[in-house]
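The values are calculated or read from the model by the stated rules, or taken from the named source; none is laboratory data. Since this is a predicted model, take the numbers as computed values, not measurements. A quick note on method: Cβ atoms are made from the backbone with ideal geometry, for glycine too, and the neighbour counts reach across all protein chains shown.
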Amino acid sequence: MDDQKRRDGGMVQRRKVLGDAWVDKSVANRNSFNSDFQDLITRYAWGEIWTRPHFDQRTRRVLVIGTLVALGQWDEFRLHVRAALTEGGFAPDDIKEILLQQAIYCGVPAANHAVKEASAVIAELGLPKG
């Protein structure tokens, strides 16, 4: 697959996972400093990894949310929780189950903070907390 096909497929996948509004905002904020990085993640994270056929999109979302808890990457965690709830068909209970699982494998302090962050996203979206 050439870079342009990877870029195009990556943009389609990125929009599917994160939603048009988020991606449009990200594209509008491109500049000479971040443009190369945006292109890199569109081609490789979205165009190469998220488009692989083995795992479905729901499984990839669970993996990403769990990994972000483990790494303590709270900005990206909130982004992916919001996207799972608004674009991915997840309910707050789905997020809760991921966080309970991560409490065992990543530790209670990480999961405790994740619950706080996810609760804020759920409240911002006006969703019931389960």
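The table below gives the values:
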item: For His54: the one exception among (1) touching a helix residue (DSSP H, G or I) at 6+ places or on another chain (Cβ under 9 Å); (2) closer than 22 Å to Gly10 by Cβ; (3) not in a helix (DSSP H, G or I); result: (1)
item: Residues of segment 99-111 satisfying the condition of being loosely packed, with under 12 Cβ neighbours inside 10 Å and in contact with a helix residue (DSSP H, G or I) (Cβ under 8 Å, 6 or more places away or on another chain); result: Leu100, Tyr105
item: Count of segment 81-113 residues which are without any contact (Cβ under 8 Å) to a residue 40 or more places away in the chain and in a helix (DSSP H, G or I); result: 18
item: Residue in segment 31-42 that is surrounded by 19 or more Cβ atoms within 10 Å (Cβ to Cβ) and out of contact with any Pro (no Cβ under 7 Å at 6 or more places or on another chain) present; result: yes
item: Out of Leu68, Leu127, Leu63, sole residue that is touching a residue at least 12 places away in the same chain (Cβ under 8 Å) and part of a helix (DSSP H, G or I); result: Leu68
item: Condition check for Leu68: at pLDDT below 95, among the aliphatic types (A, V, I, L, M) and under 17 Å from Val81 (Cβ atoms); result: no
item: Matching entry among Trp50, Trp74 (being surrounded by 12 or more Cβ atoms within 10 Å (Cβ to Cβ) and at pLDDT below 95); result: Trp50
item: Some residue of segment 29-39 being touching a Phe, Trp or Tyr at 6+ places or on another chain (Cβ under 8 Å) and in a helix (DSSP H, G or I); result: no
item: Odd one out for Val62, checked against (1) buried (at least 16 other Cβ atoms within 10 Å of the Cβ); (2) at negative phi; (3) not assigned by TED's automatic domain parsing to the domain that holds Lys96; result: (3)
